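A short write-up of the structure that comes next.
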Amino acid sequence: MEHESHHHHHPHGTGVRWLDVTLAVAAAIVSLVSLWLGLHSAHSMEKLVAANSYPYLELMRSTSTMPSEEKKSFRRMVSYEMQNNGVGPARIEWVQFFFKGQPVADLSALGQACCAGAGGNFNGMNMRGGVDDSLVRPGGSLVMFSWPEPDESNPRFDALHRQMKDITYSACYCSVFDECYVRKASGGKPQPVEQCTAPGVTFQPRTVQQG
């Protein structure tokens with residue numbers, strides 16, 4: 001019986017040992033450099049995609065309104081909103097409001113903390129009701145609550161407007177790629193966090209009927 005013989009082809013060396021070793025080392029270096037460049041390129045692309053979807057939330061408050069055609073003078077205003085000045089949408093995970101450093105859960109609690117003895121009511125206030133999971137598009141804003149100065153005197157409005165300097169708030173929000181940040185009204189850049197773990201007391205811009 002005849003057996004077929006199979007010949008395996010191997011790269012031929014030059015016959016010069018030092019040259020063969022040099023070529024092998026060079027090939028290994030080229031492979032490692034190519035691998036590094038590939039990984040670096042992928043990482044750069046990830047950073048580019050993240051940069052192109054980066055939300056930048058700013059915490060705003062307004063104490064007065066601009067004159068209008070109907071009303072020629074400035075009028076007082078109580079307004080709190082979040083503006084997204086980034087390039088990607090911001091998903092609001094939670095908001096926390098403080099009056100003189102103490103957290104409040106809603107507008108009823110805020111009114112109780114700041115204005116319990118003032119009397120009056122929240123008539124005329126525009127409130128959102130809830131902010132969790134709200135999406136703020138790039139260039140957009142989310143007004144949590146606003147209260148233009150009432151035409152008739154309202155002691156609660158006066159007390160709240162007078163004490164706006166004692167109200168601070170913070171928010172935690174995420175990008176579409178779940179990169180999360182905490183922003184505080186005290187200033188500074190948004191701080192990256194692993195996730196938006198809610199604090200003990202979060203804020204919702206609504207009133208709650210007191211029982």
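No lab work stands behind these numbers, since they all come straight from the coordinates. All of these numbers come straight from a predicted model, not from anything done at the bench. As a convention, Cβ positions derive from the backbone with ideal geometry for all residues, glycine included, and neighbour counts pool all protein chains shown.
A few comments on the model shown:
- Along each principal axis, taking the top coordinate minus the bottom one, the Cα set of segment 157-211 gives 41, 30, 19 Å in descending order.
- Ranked by the mean number of other Cβ atoms within 10 Å of their residues, highest first, the peptides 138-149, 122-133, 83-94 come out as 83-94, 138-149, 122-133.
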